[in-house]
Amino acid sequence: MEQINLNLNNIIKENENSILFTTNRPNIVMDHGKGMYLWDTNSKSYLDFVGGWAVNCLGHCPDVIIEAITNQSKKLINASPSFYNEPMLKFAKLLTNNSCFDRVFFSNSGSEANEGAIKLARKYGEKFLNGAYEIITMINSFHGRTLATMSASGKKIWENLYEPKVPGFKHVPLNDINALKSSISSKTCAIMLEPIQGEGGVNKADKAYVETISNICKENGILLIFDEVQTGVGRTGKLFAYEHYEIEPDIMTLAKGIGGGYPLSVLLTKEDLNIFEPGDQGGTYSSQPLGMAVGMAVFNEIINENLIYNAKIQGDYILNRLNELKDIYKLKNIRGMGLLIAFDVPYNKGSEIVEKCLEKGLLLNSPRSSIIRLMPPLVVTKKDTDKMIDILSEALNSIF
């Protein structure tokens, strides 16, 4: 094992200088995955409760994605966005048939989908609201890493990064309806929010709050945008999180789980917002057949295998098991919906807990030093959760 580790360290040392530094990574090289597990080049296994940041909704290397890529790649990979292709048309219809929306635009990442939503909202403001362009978003929100979506995001640590930011965004506290009302002006064209702030620490928008926002938008003729990049496609125990609120947004964005690990995102909107002119929006890889085939396969698998219901019952089970540890390890504010779950830990030990769990073969995420977040694939079982709890308990015992 020492020789294997030595070889692995040499591989990293010899090649890591070719990677542009953007984040700290452990001395692990992931080699392959299947289902709920990843294996590194030392053949060590890791139970994955991060799921590629809520991306691998069907687990690692699911057969349906392998089959979709294999079959479509033999037929047509990319015909350019200038033409229709059959998977594009079928996938678009599948999405509109299963949602409250009428039109879709396909792109590659959550940032691109949210950027498209911002463009569409400003196009609407230009045409129908006397040039209104401002969008109200929430403090602690996360909408992406393009310059515009970083400007839309309410991350404190980004306030002075890459200045000057794209203007036209106001940030208000989540669930503070008075702050939101006071921010609306004649320049407001849209309100954009995540129904559950994932990167912000799994903070849920209250139902009454969202209902009030929906009414405000209707009364003022401004748009309601739901960023469901992390919450969409079964993650919360509904196909889309907006269903929990019994309202219909004007625009919704999807990414992460929609591709099951393949880079894919979607902008969905109502028919009356089909207002882009040729050249207003596009993308070299928009609607390319390979991605369309994968997205369709993932979406159908989630529906056909009733993984939406599994997300609900497994999420409830995880919450119950975590509550068993609550008093033992002083865990607080155990929260979540479906398979998007978080809890607070004492003494800002989040990163230390993640590191200790990694050593023991469990992948967790700490979006803040006081928070642990869980976003396992929708195929997770009670057996997986029991093992996660055992490893987490061992890690907490060694730290506290």
Under 20 Å from K360, Cα to Cα: aspartates and glutamates that are on another chain or at least 8 residues apart: E2, D31, D40, D48, E352, D384, D386, D390, E394
Using a basic spin-label model with each label point 7 Å from the Cα along Cα→Cβ, how many nm lie between N306 and N71? 2.4
The chain: antiparallel DSSP beta bridges as a percent of all, rounded to 5: 65
Ranked by GNM mean-square fluctuation in the chain (Cα springs under 10 Å), the top entry among I191, I216, I302 is I216
Quick one: Karplus J couplings for segment 138-149, per residue in order, coefficients 6.51, -1.76, 1.60, θ = phi - 60°, nearest Hz, x for Gly and Pro? 10, 4, 6, 7, 9, 10, x, 10, 6, 5, 5, 6
Counting Lys and Arg as +1 and Asp and Glu as -1 over every other residue whose Cβ sits under 13 Å from the Cβ of K187, the net charge comes to 0
Angle between the Cα long axis of helix 350-359 and the longest principal axis of the chain, 0 to 90 degrees, nearest 10? 50
Would you look at the GNM of the chain, springs on alpha carbons closer than 10 Å, and say which of P87, P278, P367 moves the most? P278
Just how large is the dipole of the chain about the Cα centre, in debye to the nearest 20, putting +1 at every Lys and Arg Cβ and -1 at every Asp and Glu Cβ? 320
The ³J(HN,Hα) series, computed from each phi in segment 48-53 with the Karplus coefficients 6.51, -1.76 and 1.60 at θ = phi - 60°, rounded to the nearest Hz and given as x for glycine or proline, is 9, 9, 10, x, x, 6
When Lys and Arg each count +1 and Asp and Glu each count -1, what net charge do the other residues less than 15 Å away from Y46, Cβ to Cβ, add up to? -2
Using a Cα-Cα cut-off of under 17 Å, which aspartates and glutamates could be cross-linked to K187, ignoring same-chain neighbours fewer than 8 residues away? E126, E134, E219
Return the single residue from N160, N130, N306 with maximal mean-square fluctuation; model: Gaussian network over the chain, springs between Cα atoms under 10 Å. N160
Reachable lysines, given that their alpha-carbon falls under 16 Å from the alpha-carbon of K181 and they are not under 8 places away in the same chain: K170, K218
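Which trypsin sites (Lys or Arg not before Pro) in segment 230-275 pass both tests, a DSSP loop state and at most 12 other beta-carbon atoms within 10 Å?
none
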Specify which labelled value, from (1) 67, 53, 43; (2) 138, 45, 41; (3) 62, 53, 46, agrees with Cα extents along the principal axes in Å derived from the coordinates of the model shown. (1)
Using helices alone, I'd like the mean residue ellipticity at 222 nm for the chain: each DSSP H run of four-plus residues gives -39500 (n - 2.57), total over residue count, nearest 500. -12500 deg cm²/dmol
Among the listed pairs K256/K332; K326/K349; K93/K312; K238/K270, which are separated by more than 24 Å between their Cα atoms? K256/K332; K93/K312
Hey, quick one: spin label on K44, modelled 7 Å out along Cα-Cβ, who in segment 340-373 has an amide N within reach, i.e. under 19 Å? 351-366
May I ask you to derive the relative contact order of the chain, considering only C-alpha pairs under 8 Å and at least 6 residues apart, and to give it as an integer percent? 22
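If we sort 376-388, 34-46, 73-85 on the protection proxy, mean other Cβ atoms within 10 Å, highest first, what's the order?
Highest-to-lowest ranking by the protection proxy: 376-388, 34-46, 73-85.
Since every read-out is calculated from the coordinates, none of them should be taken as a lab result. Because the structure is a prediction, the values reported are computed rather than measured. FYI the Cβ positions are ideal-geometry reconstructions off the backbone, even for glycines, and counts take in every protein chain you see.
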